[in-house]
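Right, one structure below, let's go through it.
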Amino acid sequence: QGNVNTQTWKMDQRRAVSSNCPTESEWFSRFVRGLQFRMGQRVKQDAAISIEVMLALMAIFERDFEQAAGQPKAQRRVVEAACFCLCSFCALLRGFEVVKVVLTYLKDFRQQEPINGIPPHVGLPLSGRFKLRGNMEQNMLLYVAGRTNSGLEPLKWLDRLVEALAAEGISSGWAFQRPDGSQARMLDYEDIIFNGLLEIQKKEPTLIDQGLNVTEDFGLARLFRRGANTRAQNAGVSAEDIDWIARWSQDGKDGRSRITFQGSMRVRYSDTKQMVPTLLR
């Protein structure tokens with residue numbers, strides 16, 4: 001049976017760490033490996049959303065927004081869902097990263113009119129812990145075109161979000177927040193987004209295959225990120241640009257992305273403004 005209190009050593013963050021946990025033992029490691037050999041391991045990826053479905057989804061949100069006129073809470077709900085989809089798709093963000101957008105700075109990072117040849121755009125300021133970025137709080141500033149060539153309008157919807165929050169007296173904190181001011185969660189928008197996708201599947205079966213189980217095969221974590229990657233490749237965007245925006249490329253041996261930074265977002269915004277044409281490309 002073995003002694004569950006036997007001390008073992010494991011490598012954690014490049015360090016040897018002592019552990020009395022039985023699941024860290026050599027026997028258990030071999031046991032798990034044997035299970036994988038005998039039963040295999042199932043890997044399930046989220047299906048990717050197409051640009052056509054994205055446009056159809058935005059049309060549904062636009063309709064719902066207009067129908068909710070005079071109902072501030074209902075309109076805000078629609079606006080948040082639309083902004084969630086657009087931020088994830090246009091900035092290649094994972095679903096659980098979208099809710100890290102900071103309203104405090106988002107208000108200032110919007111350019112409504114072309115200036116010096118730079119088209120309207122919006123900077124998405126994010127703050128928190130990000131995958132493959134260690135366990136430190138970090139800030140990121142991602143630029144998104146005000147209106148994409150395919151017809152998506154992130155700037156319009158983010159303007160609506162700022163206005164909806166301002167109408168409730170909210171001008172700081174998270175852009176996606178719960179009634180108590182805490183950061184929203186990705187799953188808070190699952191029902192409204194899936195309802196839109198199910199409506200598209202029912203009314204336009206050529207866009208979403210009837211054999212696809214929307215609630216099972218789609219997942220907000222990577223649904224939009226994978227779709228955006230596919231769309232970018234089909235549109236002829238260079239692999240380097242895709243890697244850069246998706247944070248798959250590295251600047252140096254420390255693995256830091258060129259769009260990850262520490263310190264004041266306002267200072268960083270001023271410093272990177274000269275790179276907006278490249279970032280918007």
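Read-outs throughout are calculated quantities, based only on the coordinates presented, and are distinct from any laboratory measurement. Predicted, not measured: the structure shown is a model, and the values here were computed from it. We place every Cβ from the backbone using ideal geometry, glycine too, and count neighbours over all the protein chains shown.
Data overview
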{"read-out": "Segment 128-213, relative contact order in percent, only Cα pairs under 8 angstrom and at least six apart counted", "value": "10 percent"}
{"read-out": "Cα-centred dipole magnitude for segment 197-242, charges only on beta-carbon of K, R (+1) and D, E (-1), debye, nearest 20", "value": "60 debye"}
{"read-out": "When each of 73/202; 100/202; 100/203 is checked by Cα-Cα distance, pairs over 29 Å", "value": "100/202; 100/203"}
{"read-out": "Stretch gain in nm, segment residue 242-residue 37, where the contour uses 0.36 nm per residue and the Cα spacing is subtracted", "value": "70.2 nm"}
{"read-out": "Net charge contributed by nearby residues that have their C-beta within less than 12 Å of residue 155 (K/R +1, D/E -1)", "value": "+1"}
